[in-house]
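Student: Here's a structure for you.
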Amino acid sequence: MLNEAVQNAINSQINNELFSSYSYLSMSAFCESKQFRGCAHWMRLQSQEENSHAMRLYDFLIARNGRVRLMPVAEPQHDFGSVPEVFEKALAQEEQVTNQINALYELAFKEKAFAALVELEWFINEQVEEERTARDVVHKFSMVKDDPAAMLDLDRELGSRMAESAGPRGAASAE
Ligand code: MG
């Protein structure tokens with residue numbers, strides 16, 4: 001059985017992951033409005049991935065005989081200066097989620113919630129990957145600058161992203 005502080009913090013993180021999912025969906029919609037279908041596809045998959053992160057914590061609480069408490073999900077940003085800016089926001093968001101996961105890990109450590117620590121290790125590894133992926137895309141946009149042909153190529157490349165369950169990391173994800 002989880003202690004109350006850890007349970008509350010995991011419930012808050014479920015909300016953070018759902019907000020992250022909602023935010024990526026909003027980013028996807030913005031990309032669609034700019035006819036960047038590949039970017040929109042990438043963001044939509046990212047939104048689904050964040051949802052699976054929320055569900056992973058949800059399932060963990062249930063497995064530990066805890067109580068899931070869903071809270072209102074905040075309204076995400078819906079307008080952006082440009083498509084490249086969307087990816088900069090995505091990177092900033094991932095850095096923020098990393099901080100949230102670290103704080104949660106620190107709490108679980110202090111509370112000696114060992115099962116939670118093991119579960120959260122997966123998230124710590126995942127955030128390393130998430131930040132790297134977002135940083136790579138931001139870097140690619142910075143190389144492309146305002147070259148329309150290169151921009152279209154990049155949009156096509158991002159559009160080829162596969163769903164997590166079909167990818168090499170699929171085996172590690174909780175579905
Ligand atoms: Mg996440």
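Just so it is clear, none of the values below were taken in a lab; they were calculated from the coordinates. The structure displayed is predicted, hence computed values, not measured ones. Counting neighbours? That spans all protein chains shown, and the Cβs are built from the backbone with ideal geometry, glycine included.
Student: Only Lys, Arg, Asp and Glu count, each charged at its Cβ (+1, +1, -1, -1), so figure out the dipole size of the stretch 1-126 about its Cα centre, rounded to 20 debye.
Tutor: 300 debye
Student: If you don't mind, there's one more thing I want to ask. Using only alpha-carbon positions, what ratio does the radius of gyration of the chain give when scaled by 2.2 N^0.38 Å? Write down the numbers at each step before the final one.
Tutor: Values: Rg = 17.1 Å, N = 175, 2.2 N^0.38 = 15.7 Å.
So the chain has a normalised radius of gyration of 1.09.
Student: Moving on. Select from TYR58, GLN96, TYR24 the residue farthest towards the positive end of the dipole of the stretch 1-104; place +1 on Cβ of Lys and Arg, -1 on Cβ of Asp and Glu, and compute about the Cα centre.
Tutor: Value computed over the given set: TYR58.
Student: Compute the relative contact order of the chain as a whole-number percentage, counting only Cα pairs closer than 8 Å that sit 6 or more residues apart in sequence. Don't jump to the answer; show the numbers that get you there.
Tutor: Values: 177 pairs, mean separation 52.1, N = 175.
Relative contact order, the chain: 30 percent.
Student: Still on this model: Find how many whole Å separate the alpha carbon centroid of the stretch 93-142 from the alpha carbon centroid of the stretch 58-75.
Tutor: 18 Å
Student: Just to be sure I understand: with springs between alpha-carbon atoms less than 10 Å apart, which residue in ARG64, ARG56, ARG135 has the highest mean-square fluctuation in the Gaussian network model of the chain?
Tutor: Comparing ARG64, ARG56, ARG135 in a Gaussian network model of the chain, the most mobile one is ARG64.
Student: In the stretch 4-161, with Lys and Arg counted as +1 and Asp and Glu as -1 at Cβ, which of these residues, ALA74, ALA115, TRP42, has the Cα nearest the positive end of the dipole, that is, farthest along it?
Tutor: Checking the options against the dipole of the stretch 4-161, the answer is ALA115.
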